[in-house]
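Accompanying notes for the structure given below.
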Amino acid sequence: MLEEIGFDKLSLEGVAARAGVGKATIYRWWPNKSALAMEALLRAVEPMPAIGDSGSAREDIGLHMLQLSQLLRGKSGRVVREMIALAQFDEESKRIFNDNYLEPRRLALVNVLRRGAQRSEFRDDADLNLVFDLLYAPLLQRLLTGSADIDERQIQSQLKLVLGSIALSQPFLATSKISSQQA
C-alpha cells in the first residue's frame, strides 16, 4: 500500500480498512504511520550480505563493502533512503531503523574488525564503532544526496584510508582478489 499511494497519503485508517481490521488493532502494533511505514520498508529491503571469513578481515570487509555498494545502487538504495527519511520523523521510527537495519550491520562489521585485531591485522585499541561509521557514512551520504555514484574506485579509496589507519603492518592495498569476487 505504501508503494501504491506513497507516505504522504498513507493513513493508519486506510491500512486498517485494507486489512479488514479496526483502527485499534493497527494502533496496538504501531503508534503512528511513520513506524508502520518503517516496518514495511524493512520488509522490502534486501538482506545484508553475509560477511565471510576468508582468513583476511581486510578482504572480507572489502568484499562486503563492494556488495553493499551494489545493493545500494538498486532497489535497496531507494528503500534505505526512504527509511532514513522516515527515521527523522519520530523517536520510534528512529529506534526501529537503528535496531533493525543499522545495528545488525554494525555488529557484523565490528565482529570482523575484532577478528582482524585478533589476527594482528588491525590495532586492538581502535574504536571499532567509529571505524564502522567511517566505512558506512560515505556510502549513506552519497546515497542520500545523489552527489556521486558508489563505485568500486570510491570503495577502494575509502578502504585504504579507513583500514589503513588501523592496520598494524603494511598499509591496506586494494587487491585483485576483492575485484575478482565482486562479479
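Checked against (1) surrounded by 15 or more Cβ atoms within 10 Å (Cβ to Cβ); (2) in contact with a Leu (Cβ under 7 Å, 6 or more places away or on another chain), Leu134 meets all criteria but (2).
When region 143-153 is limited to residues that are in contact (Cβ under 8 Å) with a residue 24 or more places away in the chain and surrounded by fewer than 19 Cβ atoms within 10 Å (Cβ to Cβ), the one that is farthest from Lys75 (Cα to Cα) turns out to be Glu152. The residues listed here are Leu68, Leu63; of these, the one that is at pLDDT 80 or above, under 19 Å from Asn100 (Cβ atoms) and under 16 Å from the mean Cα position of the chain (by Cα) is Leu68.
Taking region 92-107 as the range and being among the acidic types (Asp, Glu) and more than 23 Å from Thr145 (Cα to Cα) as the test, the residues that pass are Glu92, Asp99. Considering Glu121, Glu91, which residue is surrounded by fewer than 13 Cβ atoms within 10 Å (Cβ to Cβ) and either more than 16 Å from Met65 (Cα to Cα) or of a type in the set (S, T, N, Q) (or both)? None of the others qualify; the one that does is Glu91. In region 78-101, the residues that are within 10 Å of Ser34 (Cα to Cα) reach residues that are outside any helix (DSSP H, G or I) with C-beta atoms within less than 6 angstrom, at least six apart or across chains, in these pairs: Glu92/Pro31; Ser93/Ala87; Lys94/Ala87.
The values are calculated or read from the model by the stated rules, or taken from the named source; none is laboratory data. Keep in mind that this is a model prediction, so the values were computed, not measured. Neighbour counts are summed over all protein chains in view; Cβ atoms, including those assigned to glycine, are modelled from backbone coordinates with ideal geometry.
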